[in-house]
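K.L.:
Got a structure here, written out as structure tokens. Questions coming.
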Amino acid sequence: MPDTIEKQLNWAMWLGFLLALGAVLSNVTFFANPPAQRVIPWLSLLLAVVALLFVAMGLWRVFAPPGIHRGRILISTLSLFSLLLVAAAIFTFVRARALPRSAGAPQVGEKAPGFTLADTTGRPVSLDQLFAPTADSAPGLPPKAVLLIFYRGYW
Amino acid sequence: MAISVDSPEVSRDLSKKAGYTFTILSDPNTEVIRRYDLLHVGGGPDGHDIARPAEFLVDSSRVVRWTNFTEDIRVRARAEKMLAAAKSLQ
């Protein structure tokens, strides 16, 4: 009874699709700033690779045996979606990590280069000025340190 | 304090929206970003040059005491790590 086999759910294909979806959606978790965010890129990549294996398995199941099989259109469409999701996850992984080496950036123990730039009101502010006492600091107690955060912008 | 290529106006809107009270400086010409060797050529959404994410803790003698260079733009320095670095300076 080959008919009963063909009506069975192609679980490998569906699992592949869900894993591919998970690989892309795992990027949403970065907005929640989870403690384990360092492992999420690798988890996402792993999901994408495993998804690829299951999609291949699903395709093999439908197309490898000789003869006419049902569900080839559904399976082909699903595999195409899954492959697009996998490609998106891998593209995101590669793009997010394509950063300059910044070998010339100041290292621990080195002097931080000075600068003067405009603040949000357009007023010029220097690094030295950032060490001046602020409203937050106790009188006569200037900040002991300043945290410089360079960010990508375009918010 | 924070530095990006965003204009003072854009940073002001961000500051207001997010309720930030720290100083945000604008480096639209990437002058300081290049001085710190943090230029990400074509890294902006429209292909503009921007800063790669990086954090430096500088003490009052202008010496760098702690740094963080992420390998992935999705993974950022966590507030508790930065606070711990600041506290360790005492």
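K.L.:
Might you let me know whether region B:5-24 holds any residue that is under 19 Å from A:D119 (Cβ atoms), facing chain A (nearest Cβ under 7 Å) and among the small types (G, A, S)?
P.N.:
Within region B:5-24 (the criterion being under 19 Å from A:D119 (Cβ atoms), facing chain A (nearest Cβ under 7 Å) and among the small types (G, A, S)), the answer is yes, since at least one residue qualifies.
K.L.:
Please pick out the residue among A:A51, A:A36, A:A32 that is over 30 Å from B:E80 (Cα atoms) and out of contact with any Cys (no Cβ under 9 Å at 6 or more places or on another chain).
P.N.:
A:A51
K.L.:
Same structure again: Look at A:P66 and say whether it is over 30 Å from B:A79 (Cα atoms) and part of a loop (DSSP other than H, G, I, E, B).
P.N.:
In short, yes.
K.L.:
Right, next: Among the residues of region A:1-35 satisfying the criterion of being of a type in the set (V, I, T) and modelled with pLDDT of 85 or more, which is surrounded by the fewest Cβ atoms within 10 Å (Cβ to Cβ)?
P.N.:
Looking at residues that are of a type in the set (V, I, T) and modelled with pLDDT of 85 or more, I get A:V28.
K.L.:
Moving on to the next point. Just the residues that are among the small types (G, A, S), at pLDDT 90 or above and surrounded by fewer than 17 Cβ atoms within 10 Å (Cβ to Cβ), please, taken from region A:36-84.
P.N.:
If the condition is that a residue be among the small types (G, A, S), at pLDDT 90 or above and surrounded by fewer than 17 Cβ atoms within 10 Å (Cβ to Cβ), then A:A56, A:S76 are the ones that fit.
The values are calculated or read from the model by the stated rules, or taken from the named source; none is laboratory data. Keep in mind it's a predicted model, so treat the numbers as computed, not measured. Positions of Cβ are backbone-derived with ideal geometry, glycine not excepted, and every protein chain shown enters the neighbour counts.
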